[in-house]
Every structure is written in C-alpha cells, then in structure tokens.
C-alpha cells in the first residue's frame, strides 16, 4: 500500500470538512463564522494541518461522524452475465410486488448465500445460478397464485 502524501491527506480532510458542513446543515455565514472562531481563517483552503484537525474535531463535538459512503462499501464489480441479469430482474420484480423489502445488491447476495452458500452472485456456477433463478420464479408464482 502506498503511503499517503501530504497533498492527498489535505484533499481528504478538506472534503471531510465540506461533507460535515453539508450533513450538519450549516449555511455559508454560519460555516465561515465557525471557521473564523475555530481556526482564524475565512476559507477552509487556508487551513493548515492543525487547523483542519481543529475544525474536524469541532464538527465531531457537534455530532458529526465520519462514515464511509455506501458506494465505498461495494468492493467487487457486479456480475453481468445473462443468468445474473435474470436473477436481478426477478429480485426486482419481487420488490415491485412488495415481497422483498430491500432491493439492494447486498440483500440479493444474502439471499444467494442462503440458497447456495456462495458469498456473491459472481461466484455462482451455471447450475447454482439456474437453481437461484428457479427458486425466485417459484416465489413469484406463489405470490401470483395467492393474489388470484
């Protein structure tokens, strides 16, 4: 792993400051007043490393927590073979009918793991993917029969 450069750290901390400003709902006047009170600067770009730390600590003391975005949590690319696309389409159909509450890829992966003991859709072989498709189709058929 490459060591972080000072410029990269600065950019990341400035981004965190702006994210915190947005998440705490600060208007521009309040934000600039806080910058002046905490670090004696008029703009975040004028902050040195100690000033950035003080501003981030100030935000944390007012309830802001630095949490990774949902996009950051997804580490592997989506499977895009025809069977995987069919599985996703069936999953979303179940969601549209109100059967599946969470249409996310994470929820689908949990279902796939329960059915096949595989951690992700990408790791299914053709036979396992066909099994998942059949279970989802049967689930949809049961729902459609119950509604008749």
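Just so it is clear, none of the values below were taken in a lab; they were calculated from the coordinates. Only a predicted model underlies this, so the values are computations on that prediction, with no experimental measurement involved. Cβ placement follows ideal geometry from the backbone for every residue including glycine, while neighbour counts extend to all protein chains displayed.
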- Task: Treating the angle as unsigned and between 0 and 90°, give the value, to the nearest 10°, between the Cα long axis of helix 28-39 and the longest Cα principal axis of the chain.
- Result: 60
- Task: Once you have the Cα-Cα distance between residue 12 and residue 123, take 0.36 nm times their residue separation minus that, and quote the gain in nm to one decimal.
- Result: 36.6 nm
- Query: How far is helix 105-116 tilted, in degrees, relative to the longest principal axis of the Cα atoms in the chain, given as a value from 0 to 90 rounded to the nearest 10?
  - Reply: 40
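Given R₀ = 22 Å, what would the calculated FRET efficiency be for residue 89 paired with residue 146, taking r from the Cβ atoms and rounding to 0.05?
For residue 89 and residue 146, the calculated efficiency is 0.55.
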- Helix 49-61: inclination vs the chain longest Cα principal axis, degrees, rounded to 10, gives 60
- Query: Does region 19-63 classify as rounded, prolate or oblate by the C-alpha gyration tensor (a ≥ b ≥ c root eigenvalues; a/c under 1.5 gives rounded; else a/b over b/c gives prolate, otherwise oblate)?
  - Reply: oblate
- Message: Using alpha carbons only, how many angstrom separate the centre of region 1-48 from the centre of region 85-105?
- Response: 40
